[in-house]
Amino acid sequence: MRGPFHFHAISLLSPLPPHLTSLFNVGLLLVLFFSNLFLVTLLISKKTFVLAEYLSLTPESLKVFTNSACQCLQLQWNVHGLPYHQELKMVFQMEISRIRPSNVIWVGNYSTTVKRDQVLHWSWESELPLECATHFVRIQSMVDDAKFPKLSIWSNWSSWEEVHVQGYPGPSTLLVFPKNKLVEEGSSITICYISGINHNNITCYLHNELIHGEQLDPKASAFKLNNVSFFKRSGTNFFCKVNQTGIQNGTTFFVSKVLEEPKNFSCETQDFKTLKCTWYPGEDTGLDWNIQHSQSYTLFESFSGKKQSCKHKDSCDWKITEDSQEMYNFTLTTANNLRKRSVNIIFNLSHRVHPMAPHSVHFENRGATTVLMSWKVHVLGNYLTLQCQVELEGNGKVIQHRVDMKVNGEHLFGELVPDTQYVARVRCANAKHFWKWSEWTVENFTTPEAAPSEAPDVWRIVKSEKGSHIVSLFWKPLSKFHANGKILFYNVIVENLDKPSTSELYPIPASTRDANLTLDLCSYQIHITANNSVGTSPASVIVISGDSGKKEIEEEKINSREDGFFMSWKPLSGDVVGYVVDWCEHRQDLFCNLQWKKLGPNTTSTLISSDTFRPGVRYNFRIHGISTKNIAYLLENKTGYFQELAPLDSPQVNITNLTSRSFAMTWKDYATESQPGFIQGYHVYLKARNRQCHPGFEKEVLSDDLIRCKFDIDDPRKKTFIMENLQPESSYEFFVTSYTGVGEGPNGTFTKVTTSDEPYHKLIRIILPMILFVWIIIVACYWKSEWVKEKCYPDIPDPYKSSILSLIKSKENPHLTIMNVKDCIPDAIEVINKPEETKTQLLETRKPVIESALIEPVYLYLIQEEKKSSHPGPCICFENLTYNQSASDSGSCGHTPVPPEDSPCQLGLLTSPDNLLKTLEKNYMNSLGEIPAEETSLNYVSQLASPMTGDKDSLPTNPPVPAHCSEYKMQMAVPPMPCLPSP
């Protein structure tokens, strides 16, 4: 077709101009190009349509199988209609639903190369046990081949495949799944149950603890356990039960520990015959009931292709062949039911040589300071050189040396210490390619003894006492390095320098570290040596001069530091060979634990450190200079505490000079040197009165709002304090405590002191009671005197008030009111002539008589005599001392009874009153003239209660006799006297 068409076109248009001919050719070429392009596109489209018919086919023959052991759905299918000999890469997409097709729970793809009529397999593991729910599966496919990138079209879905593992349970059935599930620690597991019983009646437990789940449908519930942990090798129990019934069911699931990768995997040889490979296996993952055995280990060598199972869990032996293989590439694989782990190493055999321990170790030519050591090693071939390390340990030091060898080795040790036990060790390794040292081979040996190489370190204390020197020697034991053996004894040689030929030897046992010597006041030189079984040490020399121990130097306080006591001193004038600083607890004496430190001649300061320094302990230091003649001179005394503490106790205070305004406190017995610090002073505490403090006291407010007053005594030597300006008869409470630079001593109990009263207050207290007592006595006496006066000598009656006046009517003197004797009408008057001795007795017995009169008054019975009557009637009378001064002075009431038989006359009212008075007066006056004045008294008796009234002239001539007794009052008591005869 192309030829004619082209021919006709040329013939019709020819002849054309040249430029048109060119244009025509270009157009023709374009027509041909587009026509060919159209034909190719048409062919490709037809071929693509044919392939699409083959590649859009749906997967067929889908089958689903279940595996309860792994809770897996296993799918099987194929794809029909592929061209023969055609392989295509395809993608299959699966959808899995649970309970119903619309509930899609998983969608995933699976890519593979598909051949014609090939059966394909795929597996899916379910978290939920398959027995607890119905599952549905379908699949679709798509070509995923690079040769046809634009033809990736999903096929139609296959039909749903329904999967049932467990049938529907009965009304009383309870089933729990899965059974014997194996999971790894840290993973998740889902447990479910199916039952025909109401869910509200079912409870489930994990490790006997109640657990709640999710209901899947009316017959199933699920429990998801996340991040489960290993519980025990026998598994973990889960069970469910129906409440109030005996129906229950459960399952056991097993949690395995995570399989670990082997650590520190290495291989080495000791004899070029066997490779020993070792590793750290990690945790054992084995479980009981054959659920899972312990992990297994397999060793694979890639160069030889050999594989070997290991019998031990941490090592494996590999036989070396004789094919001269030098390089090895090992892979160690460990596996259990859940996973695998692998590690790999590659090495050269000659670089992994671990020699065996040396043997046949010997010590030759042993001396006090040298020894030759030899040993052997196992043969590893003539081509291998070993490097051996030799160590010698003894006397606190370790000596190391290295020796290159092949079979036999030796080494000479020098500068050893005599009589010292040494430990020798040797080990070897590959000299060219070091891998590991062999094990140590250890042997012991002891060097022989030698004579001590150094003089003992000696010091002394010298005390002068009663014309002699008490020398205490102290020395430190020689160190092991200088003793060169066991010290058996010490020799002390005392040489008198004033008598050089005189010396004494004192052997001292080795266990003793001191010696006491009593020397006179001469100078002595003392040599001390140590001795062992081989010989004697050099001697230490001490010189005791005649004036040693006499110098006294004032003590100086020193402060400590954290690392000890730093002290300095002035150098000793002249040549010195050194200085010695010694120290001791408390005062230095013969029994203290003396320590010392020797220093060079150019040293004037040092730091004294010791592990024996204790807080709160006082140490005394003495610094001595040693002259060239080995004589020690005391330079300084120092004292201090390594660490000061507060005082342990407070002073015991005594109260003295207690007055009304002050008192003194003393504590002179308080020992300051025994305290755990330098006493810097004392604090006197006084309880505040009315929240005020005395002048000089500092007020302190305590935590409980109490106030106390403090006075600071900053002089530790002052142990007396006077409290002044106090109130008399007041109580004060105080206590005293000491203090150091750290603090004050313990708080003591307050002591109560009461001040005395002022002297005039005391005088007032004495005088006032006395005055009150005297006043009471005066009042009592006054009252008593009134009572006595009333009883014994009452007041003189007022004559104007006497009732007797009513009996007298004097016509001659009507105004007469004074009672005269002649105016009285007495019943009887007796004038008694009393002897002198009677008067004297009366005066002497005045008080008893008075007292007797007060207690039992005696009445004078006067006799009234009737006419022709011989027996008078008794009358009551009273006394009155008015008319007799002598009777009043006698102090006696003079009660004198007058019995009838003793009366010299009888008295009666037989005459008229006038005649009677006249007669009485006359007789009385006559009687007075006959009787001495001092012996005569008048006993005047008057009638008080007379039946007669009115005028005495009107008295009856014959008065009637009273019926029983008339009342009389004695007006005056006088001593008895003869009665006057009646006229």
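Within the stretch 503-524, restricting attention to residues that are touching a residue at least 12 places away in the same chain (Cβ under 8 Å) and of a type in the set (Ser, Thr, Tyr), which residue is most open to solvent (accessible area, probe 1.4 Å)?
Restricting to residues being touching a residue at least 12 places away in the same chain (Cβ under 8 Å) and of a type in the set (Ser, Thr, Tyr), the top hit is Thr518.
Could you check the stretch 99-144 for strands (runs of 3 or more DSSP E) lying wholly inside it with 1 or more residues that are exposed (fewer than 13 other Cβ atoms within 10 Å of the Cβ)?
Here the list reads 104-114, 119-125.
Can you confirm whether the stretch 594-605 contains a residue that is in a strand (DSSP E or B), surrounded by 15 or more Cβ atoms within 10 Å (Cβ to Cβ) and among the polar types (S, T, N, Q)?
Yes, the stretch 594-605 contains a residue that is in a strand (DSSP E or B), surrounded by 15 or more Cβ atoms within 10 Å (Cβ to Cβ) and among the polar types (S, T, N, Q).
Looking at (1) without any contact (Cβ under 8 Å) to a residue 60 or more places away in the chain; (2) under 19 Å from Trp437 (Cα atoms); (3) in a loop (DSSP other than H, G, I, E, B); (4) among the charged types (D, E, K, R), find the lone condition where Lys276 falls short.
In the conditions (1) without any contact (Cβ under 8 Å) to a residue 60 or more places away in the chain; (2) under 19 Å from Trp437 (Cα atoms); (3) in a loop (DSSP other than H, G, I, E, B); (4) among the charged types (D, E, K, R), Lys276 misses (3) alone.
(1) under 25 Å from Ser453 (Cα atoms); (2) buried (at least 17 other Cβ atoms within 10 Å of the Cβ): which one isn't true of Trp569, the others all being true?
Result: Trp569 passes all but (1).
Is it fair to say Ile771 is at pLDDT below 85, over 30 Å from Ala646 (Cβ atoms) and of a type in the set (Val, Ile, Thr)?
No.
Sort out which residues of the stretch 675-705 are within 28 Å of the chain's Cα centre (by Cα) and without any contact (Cβ under 8 Å) to a residue 12 or more places away in the chain, and write them in order of number.
Listed by number, the residues that qualify are Val701, Leu702, Ser703, Asp704, Asp705.
Would you point out the residue of the stretch 628-653, among those that are open to solvent by 20 Å² or more (accessible area, probe 1.4 Å) and β-branched (Val, Ile, Thr), that is farthest from Met567 (Cα to Cα)?
It comes out as Val653.
So which residues in the stretch 727-742 are open to solvent by 20 Å² or more (accessible area, probe 1.4 Å) and either touching a Gly at 6+ places or on another chain (Cβ under 9 Å) or among the hydroxyl-bearing types (Ser, Thr, Tyr) (or both)?
Ser731, Tyr739, Gly741, Val742
How many residues are polar (S, T, N, Q) and over 27 Å from Ile526 (Cα atoms) if we restrict to the stretch 591-631?
Going through the stretch 591-631 one residue at a time, the tally reaches 5.
Restricting to the stretch 238-297, what's the tally of residues that are hydrophobic (A, V, I, L, M, F, W, C) and exposed (fewer than 13 other Cβ atoms within 10 Å of the Cβ)?
Number satisfying all stated conditions: 1.
Of all residues in the stretch 360-388 being part of a loop (DSSP other than H, G, I, E, B) and hydrophobic (A, V, I, L, M, F, W, C), which is most open to solvent (accessible area, probe 1.4 Å)?
This residue is Val379.
Would you check which residues across the stretch 706-726 are open to solvent by 60 Å² or more (accessible area, probe 1.4 Å) and without any contact (Cβ under 8 Å) to a residue 60 or more places away in the chain and list them?
Answer for the stretch 706-726, where residues must be open to solvent by 60 Å² or more (accessible area, probe 1.4 Å) and without any contact (Cβ under 8 Å) to a residue 60 or more places away in the chain: Leu706, Asp712, Asp714, Arg717, Lys718.
Within the stretch 667-682, is there a residue that is farther than 30 Å from Phe621 by Cα and open to solvent by 20 Å² or more (accessible area, probe 1.4 Å)?
Among the residues of the stretch 667-682, not one is farther than 30 Å from Phe621 by Cα and open to solvent by 20 Å² or more (accessible area, probe 1.4 Å), which makes the answer no.
Return the residues of the stretch 425-464 that are open to solvent by less than 20 Å² (accessible area, probe 1.4 Å), closer than 30 Å to Ile493 by Cβ and assigned to a strand (DSSP E or B); say none if nothing qualifies.
Residues satisfying the conditions are Val458, Trp459, Arg460, Ile461, Val462.
Please work out which one of (1) part of a loop (DSSP other than H, G, I, E, B); (2) open to solvent by 60 Å² or more (accessible area, probe 1.4 Å) is the condition Asp419 fails and give its number.
Condition not satisfied by Asp419: (2).
The values are calculated or read from the model by the stated rules, or taken from the named source; none is laboratory data. Everything quoted here is computed from the prediction, not taken from an experiment. Ideal geometry is used to build each Cβ from the backbone, glycine not excepted, and the neighbour counts take in all protein chains shown. Ligands, DNA and RNA are excluded from the accessible area calculation, which covers all protein heavy atoms including side chains. Shrake-Rupley method; radii C 1.70, N 1.55, O 1.52, S 1.80 Å.
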